Amino acid sequence: MKKVSKSIECREQTSYNLDIEGGGRMVGILVATHGKFAEGLLNAVELIAGKQEKAETIGLCHGDGIGEFEDRIKMLIRELDDGDGVLVFVDILGGSPANTVMKCFSMEYDIRAIAGVNMGMLVQAVMMREESDLEELCDICEKEGKKDPVLLHKRFEEFMAEAAEMDDEI
């Protein structure tokens, strides 16, 4: 009984139900992950890009049933698709959220999905979705996700070396 209570609490915290009011058409965005990762990721992106319409999160938490999780994902896809499709992001390939989303490809909706979501991809998605169709947006986000990680301490060392060279030239 306690686990169910925890699960309900997690569900309520990981799903944004944003009101969709008028405006132009745009690709819907769904982030489906383990736990509260999706909620935190969208929250961080909204610090940069502002509150987002047609963007939802869903987290699979301890005690959640896969069938119920799949039903909720399908419901969110239906709500998010206004004719421009839905781009779904999941955390890891082979995880329950990814496997569940793959079952949704047989739906009548235009869906694309990317595994390995990161903040850069999601920022690109929300910034470019009004001017890109679903296929273009998926490509943009895939390219963003392929960018190499940056070792900041190395970047700092390079910056300091360049600054020293400029000082020597003066």
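Just a few scattered comments:
- On the stretch given as region 117-136, residues that are in contact with a strand residue (DSSP E or B) (Cβ under 8 Å, 6 or more places away or on another chain) and closer than 24 Å to residue 47 by Cβ total 6.
- Enumeration of residues in region 36-86 that are closer than 22 Å to residue 142 by Cβ, charged (D, E, K, R) and touching a helix residue (DSSP H, G or I) at 6+ places or on another chain (Cβ under 7 Å): 54, 56, 84
- Of all residues in region 99-122, one or more are in contact (Cβ under 8 Å) with a residue 12 or more places away in the chain, part of a loop (DSSP other than H, G, I, E, B), under 17 Å from residue 31 (Cβ atoms) and among the hydrophobic types (A, V, I, L, M, F, W, C).
- Restricting 31, 45 to residues that are within 20 Å of residue 118 (Cβ to Cβ), aliphatic (A, V, I, L, M), within 16 Å of the chain's Cα centre (by Cα) and not in a helix (DSSP H, G or I) narrows the list to 31.
- Summed over region 50-72, the residues that are assigned to a strand (DSSP E or B) and either in contact with a Pro (Cβ under 6 Å, 6 or more places away or on another chain) or basic (Lys, Arg) (or both) give a count of 1.
- Within region 141-170, considering residues that are open to solvent by 50 Å² or more (accessible area, probe 1.4 Å) and closer than 30 Å to residue 111 by Cα, the one nearest to the chain's Cα centre (by Cα): 142
- The set of residues from region 73-91 being without any contact (Cβ under 8 Å) to a residue 40 or more places away in the chain and not charged (D, E, K, R) comprises just one member, 75.
- Residue tally, condition in contact with a helix residue (DSSP H, G or I) (Cβ under 9 Å, 6 or more places away or on another chain), over 21 Å from residue 124 (Cα atoms) and surrounded by 15 or more Cβ atoms within 10 Å (Cβ to Cβ), over region 87-100: 3
- Selection from region 111-130 of residues that are at pLDDT 95 or above and either more than 20 Å from residue 50 (Cβ to Cβ) or surrounded by fewer than 19 Cβ atoms within 10 Å (Cβ to Cβ) (or both): 111, 112, 113, 114, 115, 116, 118, 119, 120, 123, 127, 128
- For residue 105: the one exception among (1) modelled with pLDDT of 95 or more; (2) touching a strand residue (DSSP E or B) at 6+ places or on another chain (Cβ under 9 Å); (3) of a type in the set (A, V, I, L, M, F, W, C): (1)
- One residue stands out among those in region 131-140 that are in a helix (DSSP H, G or I) and open to solvent by 80 Å² or more (accessible area, probe 1.4 Å): the one that is nearest to residue 71 (Cα to Cα), which is 135.
The values are calculated or read from the model by the stated rules, or taken from the named source; none is laboratory data. What you are looking at is a predicted structure, and each value in this text was computed from that prediction instead of being measured. Virtual Cβ from ideal backbone geometry, glycine too; neighbours counted across all protein chains shown. In case anyone asks, the SASA skips ligands and DNA or RNA and just uses the protein heavy atoms, side chains included. Shrake-Rupley method; radii C 1.70, N 1.55, O 1.52, S 1.80 Å.
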